[in-house]
Every structure is written in C-alpha cells, then in structure tokens.
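Written out below as structure tokens is the structure these notes cover.
The values are calculated or read from the model by the stated rules, or taken from the named source; none is laboratory data. Because the structure is a prediction, the values reported are computed rather than measured. With ideal geometry, Cβ positions are generated from the backbone for all residues, glycine too; neighbour counts draw on all protein chains shown. What goes into the accessible areas is simple: the full protein's heavy atoms, side chains included, and nothing from ligands, DNA or RNA. Shrake-Rupley method; radii C 1.70, N 1.55, O 1.52, S 1.80 Å.
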Amino acid sequence: MWSRRSQFDRGHTMLDQLENASLLEGSRDDENYRYVKMHDLIWDMARKILNESLGGRVQAGAQLTELPDGTWWRENLLIVSLMENRIKDIPSDFSPRYREVARFYLSSNEAHCIVARMREWKRLKDLRYLNLDGSGVRVLRPGILPELSKLQFLKLHQKFGVFLPVEGHEVLRLQRLETLECNFRDLENFGIFDRAGVLPLIACKVTVGRPSFSLLEDLNYTKSKSESEAWFYDLMNDTASFLSGISFRKVVIVNCQNIISLCPLVRHGSLEILHLDGLMILETLFEAPSDRLTFDPFYYLKEIVIHKCHRMKALLPPWLLSTLLHLEVIVVEDCHNMEVIIETDEQERIEGMGLKVLVLKKLPYLNSIYSGRLECNSLEEITVNDCPQLTRIPLTIPHSLKKIQVDPESLRNSIEWAIISEEPVSNPQEDALHS
C-alpha cells in the first residue's frame, strides 16, 4: 500500500496534468506560494455532476442564510459542502440522514451554534474531513472530537476575534489524523498534545492562547511553507521554557509581555523558523550554555525574525552564531534599543556564512552589524531603512545579489560597503539611489 506521502505526490502529478491540459489555472499568491483553481465553467460542471450523483451535495457560495430543507439531504451522502454562505443558526432538532458523510465543509459561515446543536455526531461515523475555518462557531461540545474517530483532516482555526479551543487529550484520541489546525486554550493542553508526539501528522498548525493580530502573520522569508507551526499568544510566563524539546519546525511568539529570555537552552529538535513579535521586555534570545563543546541547539535554524522587542541590544552573541550553520534569514524591525546584530569582542572574518536575506528596519540606535567582516557568498537581499546611526555594512557582496534597498539617511551617513566578487557587480549605492 502506498504511503500517504506518495499519495500526495501522485495527487500533485494529477494536478500538473490537469493544468497542462488547461482544465486548471495555475497562479501564485502574494507570498509566491503556488496554487491552482478551476475555471468558472469547469467548476459549474463539476458541481452539477456532484449534485446529480448519489454521493454529493454542494451549495458553496450560494448566499444561504439557513440550512437546506429536509428534501435536500439524501441517504448515503459522502460529501456535503455549505462553505462561504451566511448560515447563522441551525434548528435544535436538526438530525439529517448523513451517516456515511466523509467530508463536511462549513468554513466561512456566520454560524455560532452549528456544532453545539448537532446532537447526532455519533452518526457521522465515517467523517474524515471537517473544516470550520472562518466560521463563527464558538462552542465545541466536550466529547465531540473523540466520537469522530476516523477524522483525517480537522481545521478549526477561526476568523479574527473568534477562536474555538480544544482539549489536548481529545485531539490525541484522533489516531488517524493527518492534517490539523486548531487552538489550545493554554500551555497545559498544548503540552499534553506536544509531549505525546504520537499522531502521524503530515501538516499541523496550532495556536496557544487567545490569537491576536500580528504583523508576522504568514510571513516566511524562506518562501517555503512549514509543515508544522506553533503560535503562542499573550502568555504570562517569564521564560519560554515550553520551547524545550518542542517538535515544531516553525515557532511564533506574539505579545508575551513577561518573557525576559526564551528559555534555558536545550536541544530544539528540528526548529527552522523563529519569529518573535511584541516581547517588550525580552533582553536576550538565550543565555549562554555552561558546556559549549557539546552544545548545538539550533543546528537546523534557517530564519530569525524579531519585531518590537524593545529591550534587546544585541541579537546574536558569538557562541550562538557558531551554532547557526544553516541560518539564511535575519530580519530585525522596530526594536528601539537594538545596537548590534552580531556581538563580538574581536574583529574576526566570518567565512562560509549561508545568509541570503538581511533586513534591518526602524532601528534608531543600531550602530553595528558586525565589527569584523561577514563573507556571505549566498547573499541575495539587503534592506536597510530608518537606521540613522549605522555607518558601515561589512559584507562581501556576491554576484548572486538580487535586491538592495538602503534609505537615503543611511547613505548620507556614508555607509561603507565591502565588495569582493569574482564577477563584476553594479554599484550598490547607485542601485539604492534609484530604488
């Protein structure tokens, strides 16, 4: 039997074939992620075929304000889609005949009570796909999830201002789950889920706490979607000890006002992307370990994004930089007291650094990126805006450089550029003047 990954690969191959035959239209979104969509004519035809078959019912985007009447629901339904409607409520005695439904789409509705009033969830014994994303559902009755034991896809993330928390032990009982997006009310429930590590998840995005707006939402400079993400909001902890041994590849921490340092360091598994937003009293990323010879906590880390962390004065100490062998992206924005990006007491030349993107914005006291010289042969983008104290960028600029943006104030302060390349490149200062 094929693995689930090979089935996904086969599905993508089929999508490519349909796109090549002009039956699907390929495009890219604002973040350069590729997607495909049906032409209107193909969508209308597919919906007609599905509705005429015995196994499906689709009224997506039909401007419905209430559920279809009883004649719409048929025996032996496999797929039901009512997404992108305006359904606000559901009768308390609603009990349609859909024992064998495998996929149920209710996303982007205004309903507040749909899930709470569906008393016959046990009848959905074959449900494999449930998507409530963007709906107004606020209540998920305790005990519902374990009854849906065949679920493979569960998406419960809600629209802004509405969230639908679940219990960690209930999610763990969904042993067939492969794709999960949900919210845990607190670290206790998240810990129950994360420490178990028993689900064969292909994709997972969880939030912890009450989600709030963040400028870092969906920001990935690496241009690659992470298969596992954990977002932490408004926690009252003074350290981020919950990161110890975390199994997620992307971690985002937002508006956790009491955190001074992230945590006493331990190995962080396969963490690749770290975003911090609004940690107002954060002073340092990590304390130096006692044993640096055996310590390598961030071997896989590729991207660091720091925003509104106003007490930080230095981003990377020398001991931490030496462990970041795969670091590709450094972004620091709106940190009022940031003075140094890479802190060191010696003027050293760092060679072989794989940095691709360096973005520095709104850093009024930044006076140094690095006191020595950084040889970044893979560098593709440099952006410096609103850094009035910065007078030198000690980088080796390679021929692969694609983007330079430096604000006029930095240029007026006579930024020094080090250009060492086997191939001729254009003058960065001239490029910046014309950008």
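Considering only residues that are part of a loop (DSSP other than H, G, I, E, B) and modelled with pLDDT under 85, which ones fall in the range 3-21?
Ser3 - this is the single residue of the range 3-21 that is part of a loop (DSSP other than H, G, I, E, B) and modelled with pLDDT under 85.
Just wondering, is there one or more residues in the range 305-321 that are at pLDDT 90 or above and among the aromatic types (Phe, Trp, Tyr)? Walk me through it before giving the result.
Pass one, the range 305-321, residues at pLDDT 90 or above: 305-315.
Narrowing the set further to residues that are among the aromatic types (Phe, Trp, Tyr) leaves none.
Looking for residues that are at pLDDT 90 or above and among the aromatic types (Phe, Trp, Tyr), one finds none in the range 305-321, hence no.
Scanning the range 97-119 for any residue that is closer than 30 Å to Glu167 by Cα, modelled with pLDDT of 65 or more, open to solvent by 40 Å² or more (accessible area, probe 1.4 Å) and in contact with a Ser or Thr (Cβ under 6 Å, 6 or more places away or on another chain) turns up nothing.
For the subset of the range 249-261 comprising residues that are of a type outside the set (A, V, I, L, M) and open to solvent by 10 Å² or more (accessible area, probe 1.4 Å), which member is farthest from Arg311 (Cα to Cα)?
Step one: of the range 249-261, the residues of a type outside the set (A, V, I, L, M) are 249-250, 255-258, 261.
Then drop every residue that is not open to solvent by 10 Å² or more (accessible area, probe 1.4 Å), which leaves 249, 255, 257-258, 261.
Working: Arg249: 26, Asn255: 14, Gln257: 12, Asn258: 12, Ser261: 11 Å.
Out of the qualifying residues, it is Arg249.
When residues of the range 27-46 are filtered for being open to solvent by less than 70 Å² (accessible area, probe 1.4 Å) and either modelled with pLDDT of 85 or more or over 30 Å from Glu217 (Cα atoms) (or both), how many remain? Selection size over the range 27-46: 2.
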